[in-house]
């Protein structure tokens with residue numbers, strides 16, 4: 001399901017509370033509902049250059065300066081209002097760090113941070129090649145303005161990642177912002193307290209904190225950084241050990257998707273010879289070449305603090321070059337036996 005974050009009340013730029021809409025088996029836009037939250041900042045910026053931002057002949061540049069007109073916070077129903085502002089064009093930017101999981105949280109000490117997946121008309125969104133596009137029609141908007149950067153709490157517009165440019169000749173309705181705790185959009189290497197929004201490690205931390213099952217959705221919005229004769233892929237070279245997987249039903253899935261929900265198979269073909277051998281004609285399996293490589297860190301599936309990762313799974317990744325031959329690339333351990341752990345369609349100990 002995805003969420004209308006702010007919508008459908010045209011009076012005085014006010015917006016009604018969030019509601020869940022429809023269903024999407026693939027989780028294309030958002031995986032869980034954002035509840036109304038008192039004190040969620042929503043910031044409006046007035047564009048001071050010719051009533052809209054024009055820098056170096058590039059119209060609507062979201063990385064240039066713009067003055068903050070006012071900041072308001074949502075009330076307990078998710079409503080916010082900008083009143084008494086002159087006609088013009090405005091940046092509207094929700095602060096992603098204050099989006100909270102509707103499912104509730106576990107006892108994990110990890111920190112959660114949702115990533116953008118949907119934007120209203122006027123949004124600026126990463127094009128997947130290191131540039132932004134906009135203003136766009138309402139729709140999928142993975143990673144916000146820049147796939148390799150994370151949202152900031154600063155008031156400066158140049159550091160905000162989730163932006164829509166709204167023309168306000170009078171009372172207007174902005175539209176929808178959608179966020180997900182399960183989407184991975186980049187190949188950033190930071191881990192732990194320094195994990196970047198939209199990174200693999202941030203997903204693991206989100207899954208530990210957000211109550212209930214969490215299945216990773218890989219929608220890369222940065223250029224691939226691995227390549228070979230078969231094609232290209234995204235390599236995460238962890239700065240240090242990735243966070244442990246602690247909560248149940250956490251699924252690491254390297255299957256890559258485009259923002260529109262279609263498959264993104266950039267590393268074509270399969271590994272393995274296939275065929276049959278021996279007098280019993282034992283079949284030799286093949287594995288589709290993965291689009292996600294983890295290098296330099298193991299995936300550890302372990303219990304901690306009363307959380308047990310039963311039912312956790314790893315699908316369609318490559319994991320290699322740990323640096324210590326005595327350590328397992330995928331490590332599973334529990335103070336009591338863990339159940340339902342699966343590793344499928346993955347390359348262990350070799351690149352894609």
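The values are calculated or read from the model by the stated rules, or taken from the named source; none is laboratory data. None of these values were measured; they are calculated from a predicted model. Neighbour counts are summed over all protein chains in view; Cβ atoms, including those assigned to glycine, are modelled from backbone coordinates with ideal geometry.
Considering only residues in the stretch 278-294 that are exposed (fewer than 14 other Cβ atoms within 10 Å of the Cβ) and part of a strand (DSSP E or B), the one that is modelled with the highest pLDDT turns out to be 282.
Considering every residue within the stretch 258-269, establish whether at least one is assigned to a strand (DSSP E or B), under 14 Å from residue 184 (Cα atoms) and either touching a residue at least 40 places away in the same chain (Cβ under 8 Å) or in contact with a helix residue (DSSP H, G or I) (Cβ under 6 Å, 6 or more places away or on another chain) (or both).
No, there is no match, as no residue in the stretch 258-269 is assigned to a strand (DSSP E or B), under 14 Å from residue 184 (Cα atoms) and either touching a residue at least 40 places away in the same chain (Cβ under 8 Å) or in contact with a helix residue (DSSP H, G or I) (Cβ under 6 Å, 6 or more places away or on another chain) (or both).
Could you look through the stretch 180-203, keep only residues that are under 24 Å from residue 130 (Cβ atoms) and in contact with a helix residue (DSSP H, G or I) (Cβ under 6 Å, 6 or more places away or on another chain), and pick out the one that is surrounded by the fewest Cβ atoms within 10 Å (Cβ to Cβ)? Out of the qualifying residues, it is 191. Tell me yes or no: at least one residue of the stretch 98-108 is in contact (Cβ under 8 Å) with a residue 24 or more places away in the chain and closer than 27 Å to residue 167 by Cβ. Yes - at least one qualifying residue is present in the stretch 98-108. Residue count for the stretch 139-160 satisfying the condition of being out of contact with any strand residue (DSSP E or B) (no Cβ under 7 Å at 6 or more places or on another chain) and either buried (at least 21 other Cβ atoms within 10 Å of the Cβ) or part of a loop (DSSP other than H, G, I, E, B) (or both): 8. Applying the set (1) closer than 26 Å to residue 129 by Cα; (2) in contact with a strand residue (DSSP E or B) (Cβ under 8 Å, 6 or more places away or on another chain); (3) surrounded by fewer than 11 Cβ atoms within 10 Å (Cβ to Cβ) to residue 262 leaves exactly one unmet item: (2).
Taking residue 275, is it crowded, with 18+ Cβ neighbours inside 10 Å and either touching a helix residue (DSSP H, G or I) at 6+ places or on another chain (Cβ under 7 Å) or at pLDDT below 95 (or both)?
no
Going by the structure shown, is residue 298 crowded, with 16+ Cβ neighbours inside 10 Å, modelled with pLDDT of 95 or more and either closer than 17 Å to residue 203 by Cα or in contact with a strand residue (DSSP E or B) (Cβ under 6 Å, 6 or more places away or on another chain) (or both)? No, not satisfied. Being farther than 18 Å from residue 309 by Cβ and surrounded by fewer than 24 Cβ atoms within 10 Å (Cβ to Cβ) is a property that residue 211 lacks. In the stretch 92-132, what residues are surrounded by fewer than 17 Cβ atoms within 10 Å (Cβ to Cβ) and in a strand (DSSP E or B)? The answer is 105, and nothing else.
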